[in-house]
């Protein structure tokens, strides 16, 4: 019989997975939600605030560029470039974020500018360079940072252009300052939320924690563990159900212990050895008589394959594999078997003859274990050997006895006997030939008196 495969080990969590308590999950979830919402808010604020400030910057830049262009018309027509210079200087000084202002004719000649070190040559071709954002606005990349260049025509498309360069960095700085303030507020909100979530989680998860601790106690064998029921919500009903289950299991375990003690007491009083093994042949029970006969204690063989230790050899000395063990055939047949003669091996390696009965143990119509009851038949073997010896001696004795039977023809005068061939023989010769008897000659008193009267007829 092949060993049956064991089932999977229930629904235990896979080892190596991240183990977190409900309390930790609640805290991390609460903080994560607050932090996630805060970060999402920061991103949205940055986008909205940056777009709003950038739009205001563009409107202001366009307004300044057109205003300077309008104010430059008379100065350009009258060629009063000194006054034009003074005007653009005043505008630049009035706005902190204005980087430069210059007025340029269509032929590229710069009429006035605010650069102290001279007009940069690379700005002479500005009308066709830079990244265009919209009509009249270009984004310039400079070592000092990004600059928005706003261009406006004093003469409605002809006669030159006024360029006003405004730095983009103040917008970014304002956005960053706002984000830092919001981030500080977010940190405060997270800290406040954590402070609220910790006691809240302790309060909400305390029944679950108590239930988990009680389950762990029951798993360790402490069936007296109970969970206090503080409310009639889902957790409270779960705690009540656990208490009911624990009480039922405690009663069942108590009844099972009493039953096992009774079974052990009965098995201990039996004159036969009793073993109980599972479907893989592992020992689960052995009574004291089995311990005495085998020399092994129950504790020594518990959980080990009993066949591989005490029944691995046939009477002729050949190996008996587990799959061929007669005791385990009852698992597949479902019926009991009786073996009149076999051998078991003791702890010291010696063997002794046994007879045993093997029967299956059922649970819900399924074979779950095998019980084997055996006894030492050494005395029976000795009695059988003695009986065989006596029988042999008796038969040998009988074989030496020749029995005379039937009707023997005998002479009434000389007392000779006629044999089967018709010859007459002396009676002592015939009996000697047809039996194991021998004759020794003597004389009876009557014959002695007749034959020797001179000796035997004298009266005293």
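The values are calculated or read from the model by the stated rules, or taken from the named source; none is laboratory data. Just so it is clear, the model here is predicted, and its values are computed rather than measured. Neighbour counts are summed over all protein chains in view; Cβ atoms, including those assigned to glycine, are modelled from backbone coordinates with ideal geometry.
If you check residue 184 against the conditions, is it farther than 30 Å from residue 231 by Cβ, free of Cβ contacts under 8 Å to residues at least 40 places away in the same chain and not assigned by TED's automatic domain parsing to the domain that holds residue 35? So residue 184 passes the test. Set side by side, the residues 162, 218, 189 differ, and just one is touching a residue at least 24 places away in the same chain (Cβ under 8 Å) and part of a strand (DSSP E or B), which is 162.
At least 2 residues being over 33 Å from the mean Cα position of the chain (by Cα), outside the structural domain of residue 261 (by TED's automatic domain parsing) and surrounded by 16 or more Cβ atoms within 10 Å (Cβ to Cβ) is the threshold, and among the strands (runs of 3 or more DSSP E) wholly inside the range 277-392 those reaching it are 337-345, 351-363, 366-376.
Scanning the range 100-118 for residues that are without any contact (Cβ under 8 Å) to a residue 40 or more places away in the chain, surrounded by 12 or more Cβ atoms within 10 Å (Cβ to Cβ) and part of a loop (DSSP other than H, G, I, E, B) gives 114, 115. Residues of the range 192-215 that are more than 26 Å from residue 238 (Cβ to Cβ) and touching a residue at least 12 places away in the same chain (Cβ under 8 Å): 193, 194. Under 60 Å from the mean Cα position of the chain (by Cα), surrounded by 12 or more Cβ atoms within 10 Å (Cβ to Cβ), without any contact (Cβ under 8 Å) to a residue 60 or more places away in the chain and part of a helix (DSSP H, G or I): does that describe residue 52? It is true that residue 52 is under 60 Å from the mean Cα position of the chain (by Cα), surrounded by 12 or more Cβ atoms within 10 Å (Cβ to Cβ), without any contact (Cβ under 8 Å) to a residue 60 or more places away in the chain and part of a helix (DSSP H, G or I). The requirement of being at pLDDT 75 or above, exposed (fewer than 11 other Cβ atoms within 10 Å of the Cβ) and either within 30 Å of residue 343 (Cβ to Cβ) or touching a helix residue (DSSP H, G or I) at 6+ places or on another chain (Cβ under 7 Å) (or both) is not satisfied by residue 404. For the range 425-452, the candidate set comprises residues that are in contact with a helix residue (DSSP H, G or I) (Cβ under 9 Å, 6 or more places away or on another chain) and in a helix (DSSP H, G or I); within that set, the residue that is modelled with the highest pLDDT is 445.
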